Amino acid sequence: MRDLFEPSGDQEVLHEPLGEGAVLLRGFAAARSATLLAAIDSIADAAPFRRMITPGGFEMSVAMTNCGTAGWVTDRKGYRYTTHDPDSGKPWPRLPREFLDLAEAAAVAAGFPGFLPDACLVNRYEPGARLSLHQDRDEADYGHPIVSVSLGLPATFQFGGPKRSDPVKKVALRHGDVVVWGGASRLFHHGVLTLKDGEHPSTGRRRFNLTMRKAL
Ligand code: SIN
Ligand code: FE2
């Protein structure tokens with residue numbers, strides 16, 4: 001089952017369903033990628049990328065920062081959202097307008113109108129970095145979807161089910177792709193396989209991912 005959606009003007013985006021409430025919008029953010037990457041640079045100037053520590057004491061291979069009213073953090077005390085960057089004590093940088101617009105448009109395309117995120121986790125993967133299967137479940141209300149934007153080097157995204165042991169689909173995510181999951185698949189497990197080395201014209205040897213959520 002596939003159909004075409006037009007995000008703006010004549011640009012066509014392929015909808016690839018990943019399950020009930022989950023869809024890959026191929027290339028949905030491609031036309032705005034330069035603006036998004038510039039915004040990531042500004043965010044990282046104010047709140048630098050850092051490799052956080054899991055509650056079990058492991059340093060994550062993915063470097064992270066946040067923007068929005070709330071930012072996702074992990075340390076020995078656990079996973080949670082904070083209004084301030086624990087490294088600087090300052091509020092997280094604002095969620096840029098272009099992130100909000102993209103999140104809303106992608107959510108509409110996926111069948112979730114009226115999505116207004118208050119948190120954006122910014123992930124930076126270098127070759128060798130990976131994110132093991134997990135659920136996004138630190139948010140207050142699972143009625144809101146997750147909007148996830150891929151920029152730079154390609155990666156293999158795993159999308160499973162409600163149980164960690166459920167079979168996973170492997171999805172190749174490229175620069176400009178957006179995945180949205182909500183509704184019946186809101187708590188489905190997902191992860192990213194070890195990033196392969198490569199060179200991307202916009203990001204060099206890196207992949208960025210924006211994960212927009214309504215956290216509070
Ligand atoms: C995440 O689950 O936070 C990130 C997913 C991705 O990098 O595509
Ligand atoms: Fe996640």
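The values are calculated or read from the model by the stated rules, or taken from the named source; none is laboratory data. Just so you know, these numbers come straight off a predicted model, no measurement behind them. Here the Cβ is made from the backbone with ideal geometry for all residues, glycine too, and neighbour counts use every protein chain on show. To get the accessible areas, we keep the full protein, side chains included, count just its heavy atoms, and leave off ligands, DNA and RNA. Shrake-Rupley method; radii C 1.70, N 1.55, O 1.52, S 1.80 Å.
Set the bar at 28 Å for Cα to Cα. Now go through Lys77/Lys163; Lys90/Lys163; Lys169/Lys214 and name every pair that lies beyond it.
Lys90/Lys163
Would you kindly work out the equivalent ellipsoid of the chain from its C-alpha gyration tensor and give its semi-axes, the square roots of five times the eigenvalues, largest first in whole Å?
Equivalent-ellipsoid dimensions as semi-axes: 24, 19, 18 Å.
Using alpha carbon centroids, what distance separates the stretch 84-111 and the stretch 10-44, in Å?
14
What whole-number distance in Å separates the alpha-carbon centres of the stretch 67-81 and the stretch 125-193?
When both Cα centres are located, 18 Å separates them.
Once every DSSP H run of n ≥ 4 in the chain is given -39500 (n - 2.57) and the sum is divided by its residues, what mean residue ellipticity at 222 nm do you get, rounded to the nearest 500 deg cm²/dmol?
Roughly -4000 deg cm²/dmol at 222 nm, from the helical runs in the chain.
Roughly how many Å² of Asp141 are accessible to a 1.4 Å probe, to the nearest 10?
Only protein atoms counted, so the area is about 80 Å².
How do 179-190, 89-100, 74-85 rank on mean C-beta neighbours within 10 Å, highest first?
Order by mean packing, descending: 179-190, 89-100, 74-85.
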